[in-house]
Amino acid sequence: MENAAKILVCPLNWGLGHASRCVPIIRHLLQQGKQVIIASDGFPLELLKSEFPQLSFIHFPSYKVRYKKGKSQVLAMVISLPSIIRGIYKEHQQLKKIITDYGIDGVLSDNRFGLWNKKIRSIYMTHQLMVKMPKHLKWLEPVAWRMHRFFIQKYSICLIPDKFEDGGFAGDLTHKYPLPENAKFIGILSRFGMTSSYPVNKEPYKVLAVLSGLEPQRTLFENILVEELAKKDIDSLIIQGLPENEQKIRKENRVTVVSHLSSEEIKQYMLETPTIICRSGYSTVMDLVTLNLSAIFVPTPGQTEQE
């Protein structure tokens, strides 16, 4: 987007990962003198508002998907498919109006299928070129890959936040099938930035849990962690991943539960806390790689690529 002056950045509202990995992209665009407008909804929109309060924002609804409480999410996705298809069509039409109303020169879509337009430079960002299916539906993987590739080819370029060598960090999700012709690897992305020096380990907490993801699985995981950590005679911190205007804090024995923290605060706690517990979402993996940290991963049940 070298020649674009006004850029629309649109992360998918599917947990916080899509929004958080857009943070370094937005910082780069601002450093290049671009004018950035952010379009999203829900907690991703609130996260980016907290990171970039000086920017303009558009409420731009994402696809309506809600996971089930069980270990398989296949039925949830099947039920949500008509809504997702309608959402893709609707956002494609809405983009035309936004381009006209705001004078958009380029758009960056993080995993939103319908945000391409022939009149401007349209960039799509994803690490999940193929959809990882459960064992009994493996035969659908090539079908899902071709469907995804159909949308990718609508865009000017497909940015892949990974490295090409040695299977990268995304593994099969990026490297199993042939890459689209417009693919470009850009390396890992993290809102935390590279860290050259580490703080003295003050260990204010012994355990840090960082949550995200779709409901109801996010809340179910939080409830399990609160119950189990409250039994331990150690100080623990749970970050709910619910960015809001007002920060909410509560205590359960020696467990502190906070609704959200700034990126810099989360980074500091991650560097200082001996044990980190989190989902195995790709943006979290990139954050840990950037900070050279390890963690206890608990994949979202039924979210096959995390498992």
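The values are calculated or read from the model by the stated rules, or taken from the named source; none is laboratory data. Worth saying up front: this structure is predicted, and the values here are computed from it rather than measured. All Cβ positions, glycine included, derive from the backbone under ideal geometry; neighbour counts span all protein chains shown. Only protein heavy atoms, including side chains, enter the accessible area calculation; ligands, DNA and RNA are left aside. Shrake-Rupley method; radii C 1.70, N 1.55, O 1.52, S 1.80 Å.
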What net charge is computed for the residues neighbouring D233, neighbours being all others with C-beta under 12 Å from the C-beta of D233, Lys and Arg scored +1, Asp and Glu -1? +3
Which trypsin sites (Lys or Arg not before Pro) in the range 91-134 sit in a loop by DSSP (not H, G, I, E or B) and have at most 11 other Cβ atoms within 10 Å of their own Cβ? K118, K119
If you roll a 1.4 Å probe over the range 229-282 with all protein chains in place, what percent of the accessible area is carbon or sulfur? 44 percent
Got a number for carbon plus sulfur as a percent of the range 12-59's accessible area, 1.4 Å probe? 49 percent
Which whole-number percent gives the relative contact order of the chain, counting Cα pairs below 8 Å spaced six or more residues apart? 18 percent
Counting heavy atoms of the protein chains only and a 1.4 Å probe, report the per residue accessible area for the range 151-292 as a whole number of Å². 48 Å²
Euclidean distance of C-alpha centroids, the range 111-186 and the range 1-59, integer Å: 21 Å
For the pair E165 and K232, how long in nm is the line joining their label points, each one 7 Å along Cα→Cβ? 3.6 nm
The range 8-54 - percent relative contact order, Cα under 8 Å, separation 6 or more: 48 percent
Any idea what the dipole of the chain comes to, in debye rounded to 20, about its Cα centre with Lys/Arg Cβ at +1 and Asp/Glu Cβ at -1? 1000 debye
Averaging sequence separations of C-alpha pairs under 8 Å and six or more residues apart, then dividing by the length of the range 216-307, give the relative contact order as a whole percent. 20 percent
Report the extension gain between S294 and E246 in nm, rounded to one decimal, defined as 0.36 nm multiplied by the number of residues separating them, less their alpha carbon distance. 14.2 nm
Distant-in-sequence amide H partners of V36 (H built 1.01 Å from N, under 5 Å): I7
